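Undergrad: Just passing along the structure, written as structure tokens.
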Amino acid sequence: MHTTLIDAKSLKSLMREGSPLRLYDCSVDLMDRSRGRMLYEQAHIPGALHADLETDLSDKSGTDAVCGGRHPMPSRERIAAWLGRTGLHPGMQVVVCESQGSAFSVRLWWMLKWCGHEAVAVLDGGTAAWVAEGGMAESGPSPLLDERAPPYPLADPLATMVTHDQVARQIGSPSQCLLDARATPRFRGEVEPLDPVAGHIPGAINRPFTENYGPDGRFKTAAKLRQEFDALLAGRSPVSVVHQCGSGVSALPNLLAMELAGLGRTTLYPGSWSEWCRSPGAPVAQSV
């Protein structure tokens, strides 16, 4: 069972073996909501379904969302209904991927863990790594889902999250270490292209999610990641870490990287800065 990363060679082996497998392509463009589907339709791994951040992996209606912000996390029940329509069953190996590398597909990796499905891995390096390994790509729209299918049967969560109120209560406490995955200029409050307020949550420390990757677009080695996170945490307990970013998406490469580094599966604040800065009275810090 693959539970963190899978390389393209191993994925090819799984596909040759014919084992039960479900592939999801999470290609997205945060600045152009329609481009993710276009990227998928241009080229994707054969058999992959498109998982759209805006419609499948977020609850923009707010009906069942567990947080606010730009990409509200759907409830487990809403996720289970969508997973059932895609044909997922317990025990199936899941691989999530994307055209941009392996930054945004980690959102679905986390959601599946939260629903109790452990057998899910991120394709290291994404579709580009698949093609570099000699894998074929196909084009065309994502297959229609089975609207009559029963929901995926939820199990105990294998991932943890916190709410805005929980984060607010722990500001300044040594039991909470906020890791902000946004680019440093956004963290400092120098620029803010997406949200109405610039800055960061007081007490947060910055680790841009891009720092988890090597020049080839793949995650750094476990040893290198451990060295970097140990230096960043400077003695803080990994158990205290809460990951956030702009809207609960790009925080997740940091969370996965910490797990790869042997530091455990840490916690996500899915509402992140986009929820925090829209909350009346929420304090804001800047370090320009």
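The values are calculated or read from the model by the stated rules, or taken from the named source; none is laboratory data. All of these numbers come straight from a predicted model, not from anything done at the bench. Neighbour counts are summed over all protein chains in view; Cβ atoms, including those assigned to glycine, are modelled from backbone coordinates with ideal geometry. Heavy atoms of the whole protein, side chains included, go into the accessibility calculation; ligands, DNA and RNA do not. Shrake-Rupley method; radii C 1.70, N 1.55, O 1.52, S 1.80 Å.
Undergrad: How about the range 224-234: which of its residues are open to solvent by 20 Å² or more (accessible area, probe 1.4 Å), among the aliphatic types (A, V, I, L, M) and in contact (Cβ under 8 Å) with a residue 12 or more places away in the chain?
TA: The one that is open to solvent by 20 Å² or more (accessible area, probe 1.4 Å), among the aliphatic types (A, V, I, L, M) and in contact (Cβ under 8 Å) with a residue 12 or more places away in the chain: Leu232.
Undergrad: Counting only residues that are surrounded by fewer than 24 Cβ atoms within 10 Å (Cβ to Cβ), small (Gly, Ala, Ser) and either outside any loop (DSSP other than H, G, I, E, B) or modelled with pLDDT of 95 or more (or both), how many does the range 235-249 have?
TA: Residues in the range 235-249 being surrounded by fewer than 24 Cβ atoms within 10 Å (Cβ to Cβ), small (Gly, Ala, Ser) and either outside any loop (DSSP other than H, G, I, E, B) or modelled with pLDDT of 95 or more (or both): 2 in total.
Undergrad: While we're here: Taking the options Pro150, Pro157, Pro174, Pro143, name whichever one is touching a helix residue (DSSP H, G or I) at 6+ places or on another chain (Cβ under 8 Å) and modelled with pLDDT under 95.
TA: Pro174
Undergrad: What are the pairs with Cβ atoms under 7 angstrom where one residue, in the range 188-204, is β-branched (Val, Ile, Thr) and the other, located anywhere, is open to solvent by 30 Å² or more (accessible area, probe 1.4 Å)? Sequence gap at least six, or different chains.
TA: Pairs found: Val191/Pro185; Val197/Val284.
Undergrad: Follow-up question, since we're still on this one. Here is a list of conditions, (1) in contact with a Ser or Thr (Cβ under 6 Å, 6 or more places away or on another chain); (2) open to solvent by less than 40 Å² (accessible area, probe 1.4 Å); (3) in a loop (DSSP other than H, G, I, E, B); (4) modelled with pLDDT of 95 or more, and Asp195 meets all of them except one; can you say which number that is?
TA: (4)
Undergrad: Could you give every pair whose Cβ atoms fall below 7 Å, whose first residue belongs to the range 31-49 and is within 20 Å of Gly134 (Cα to Cα) and open to solvent by 80 Å² or more (accessible area, probe 1.4 Å), and whose second residue is modelled with pLDDT of 90 or more and not charged (D, E, K, R), counting only separations of at least 6 or pairs across chains?
TA: Cβ pairs passing all conditions: Gln42/Ser139.
Undergrad: Now, a different point. Could you count how many residues in the range 198-220 are part of a loop (DSSP other than H, G, I, E, B), exposed (fewer than 14 other Cβ atoms within 10 Å of the Cβ) and within 19 Å of the chain's Cα centre (by Cα)?
TA: 1
Undergrad: Mind listing just one residue for me: the one in the range 49-101 that is among the hydrophobic types (A, V, I, L, M, F, W, C), over 18 Å from Ser274 (Cβ atoms) and part of a loop (DSSP other than H, G, I, E, B) and, of those, nearest to the chain's Cα centre (by Cα)?
TA: Ala51
Undergrad: Yes or no: Ala257 of a type in the set (Gly, Ala, Ser), without any contact (Cβ under 8 Å) to a residue 12 or more places away in the chain and not in a loop (DSSP other than H, G, I, E, B)? Give the steps one after another, and end with the answer.
TA: On the way: of a type in the set (Gly, Ala, Ser): yes; without any contact (Cβ under 8 Å) to a residue 12 or more places away in the chain: no; not in a loop (DSSP other than H, G, I, E, B): yes.
When the stated conditions are applied, Ala257 does not pass them.
Undergrad: Just name the residue that is farthest from Ser142 (Cα to Cα) out of those in the range 50-83 that are surrounded by fewer than 20 Cβ atoms within 10 Å (Cβ to Cβ) and hydroxyl-bearing (Ser, Thr, Tyr).
TA: Thr63
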